[in-house]
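Colleague: Dropping the structure in here first, questions after.
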Amino acid sequence: MMPLLDQVLEIAVLAGQEILDVYENDFDVDYKGDGSPLTIADRRAHTVIQKNLEKIVPKIPVLSEESTPEVFEQRQNWNRFWLVDPLDGTKEFVKRNGEFTVNIALIEDNRPVLGVVHTPVSSISHFAAEGAGAFKINAQGERTAICVREAVKGQVTMVASRSHSGVEVDRFREAVELDFGPVQIASMGSSLKLCLVAEGAADIYPRLGLTSEWDTGAAHCVLNVAGGSVVDLTGHPLVYNKPDILNPWFLACGGKHVNWTRYSGGR
């Protein structure tokens, strides 16, 4: 799986270069029917990713946030496919804060088995595949293996969304603090939140709001292979290629020694 993982990483970097070409200049922002932003960078990254994925493994279909309606109609019978968010964190892209990513995941039998999360502005990548390990490449190009950490009383860090938080997240933090003491908050945009847990920089990320499958697939794989998990509020792993592309509320969990669902109320 490692040769394929390296190829997908190269594709994500290529897409990131397309995004930066737009990011470093003036660009227009359109809006989809649900009010979410869309830029030419999303479209250019999608085109690069789809074209190159089809070159390396021609027979695997691609489901992207920017796919056509026909693709969504066809996907129900797919057992193996690429799940792509060409530009995760378009709101962060528009704000020009650098916290946006390219996400590419390989889904087999409703679960992610390979994932790449590339951050174009910082040139940092998180990537993993089952049987190959989980890794991070820093801005200097150095590759290191990553793994989750175990939560320690008085030293818990919780990741919070830069654009989506709320009273439910506050309640979750307060419940954790009853057992672990004061909780540090790390705010971050896009799928980087899950990557912070995967690399052992944070312990838990409660996403108590809706996301789509392409928002989580790649980072879900990275976190799984790094020793963590992504579960709904009843403790069941997220699954992919559902009839409804939306995810339930979920918890991205680090070490194995804490049952984080107990702090969510099991909703």
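Quick note: the coordinates plus some simple rules give every number you see, no bench work behind them. Small disclaimer: the values here were computed from a predicted structure and weren't measured. We place every Cβ from the backbone using ideal geometry, glycine too, and count neighbours over all the protein chains shown.
Colleague: Can you tell me the orientation of helix 2-23 relative to the chain, as the angle in degrees between its alpha-carbon axis and the longest Cα principal axis, to the nearest 10?
Modeller: On a 0 to 90 degree scale, this one is about 80.
Colleague: Tell me the angle of helix 40-56 to the major Cα principal axis of the chain, expressed in degrees between 0 and 90 and rounded to the nearest ten.
Modeller: For helix 40-56, the angle is close to 80 degrees.
Colleague: What's the extension gain from Ile60 to Gln155 if we count 0.36 nm per residue and subtract their Cα-Cα distance? Before the final figure, lay out the partial values.
Modeller: Values: separation 95, 0.36 × 95 = 34.20 nm, distance 4.34 nm.
Gain in length upon complete extension: 29.9 nm.
Colleague: Could you work out the helix-only [θ] at 222 nm for the chain, with each DSSP H run of four or more residues adding -39,500 (n - 2.57) and the total divided by the number of residues, to the nearest 500 deg cm²/dmol? Intermediate values should be presented prior to the final figure.
Modeller: Details: 7 runs with 85 residues, N = 267.
One gets -10000 deg cm²/dmol as the mean residue ellipticity at 222 nm.
Colleague: Per-residue counts of other Cβ atoms within 10 Å, averaged by peptide: what ranking do you get for 225-235, 98-108, 62-72, highest first? All intermediate terms of the calculation are to be shown ahead of the outcome.
Modeller: On the way: 225-235: 19.9, 98-108: 25.9, 62-72: 15.5.
With the highest mean Cβ count within 10 Å placed first, the list reads 98-108, 225-235, 62-72.
Colleague: Can you return the aspartates and glutamates within cross-link range of Lys59? Criterion is Cα-Cα under 20 Å, with same-chain partners fewer than 8 residues away left out.
Modeller: List returned: Asp6, Glu10, Glu70, Glu73, Asp85, Glu108, Asp109.
Colleague: Using a ≥ b ≥ c from the Cα gyration tensor of region 2-145 (square roots of the eigenvalues), is it rounded, prolate or oblate, where a/c under 1.5 gives rounded and otherwise the larger of a/b and b/c decides, a/b for prolate?
Modeller: Working: a/c = 1.95, a/b = 1.09, b/c = 1.78.
Taking the square roots of the gyration eigenvalues as a ≥ b ≥ c, region 2-145 is oblate.
Colleague: Take each of the peptides 209-218, 135-144, average the number of other beta-carbon atoms within 10 Å over its residues, and list them starting from the highest.
Modeller: Numbers: 209-218: 22.4, 135-144: 12.3.
Output ranking for 209-218, 135-144: 209-218, 135-144.
Colleague: Further question: If the elastic network links every pair of Cα atoms under 10 Å, which of Val152, Val48, Val113 fluctuates the most in the Gaussian network model of the chain?
Modeller: Sorting by GNM fluctuation, first place goes to Val152.
Colleague: Find the relative contact order for region 157-263 and round it to a whole percent, using C-alpha pairs within less than 8 Å whose residues are 6+ positions apart. Mind dumping the intermediate values first?
Modeller: Values: 183 pairs, mean separation 30.8, N = 107.
That works out to 29 percent.
Colleague: Express the relative contact order of the chain as a whole percentage, based on alpha carbon pairs under 8 Å and six or more residues apart in sequence. Please list the in-between numbers first.
Modeller: On the way: 604 pairs, mean separation 46.3, N = 267.
The value is 17 percent.
Colleague: Follow-up question, since we're still on this one. Tell me, how many Å apart are the Cα centres for region 1-31 and for region 133-210?
Modeller: 25
Colleague: Still on this structure, please answer the following. Given a cut-off of 25 Å, name the pairs among Lys193/Lys242; Lys136/Lys256; Lys91/Lys193; Lys51/Lys193; Lys193/Lys256 whose C-alpha atoms lie farther apart than that in the structure shown. The partial results should precede the final answer.
Modeller: Numbers: Lys193/Lys242 23 Å; Lys136/Lys256 21 Å; Lys91/Lys193 15 Å; Lys51/Lys193 28 Å; Lys193/Lys256 18 Å.
In this structure, Lys51/Lys193 lie more than 25 Å apart at Cα.
Colleague: Now, a different point. For Cys195, Cys147, which order do you get if you count the other beta carbons within 10 Å of each Cβ and list the fewest first?
Modeller: Least crowded to most crowded, the residues run Cys147, Cys195.
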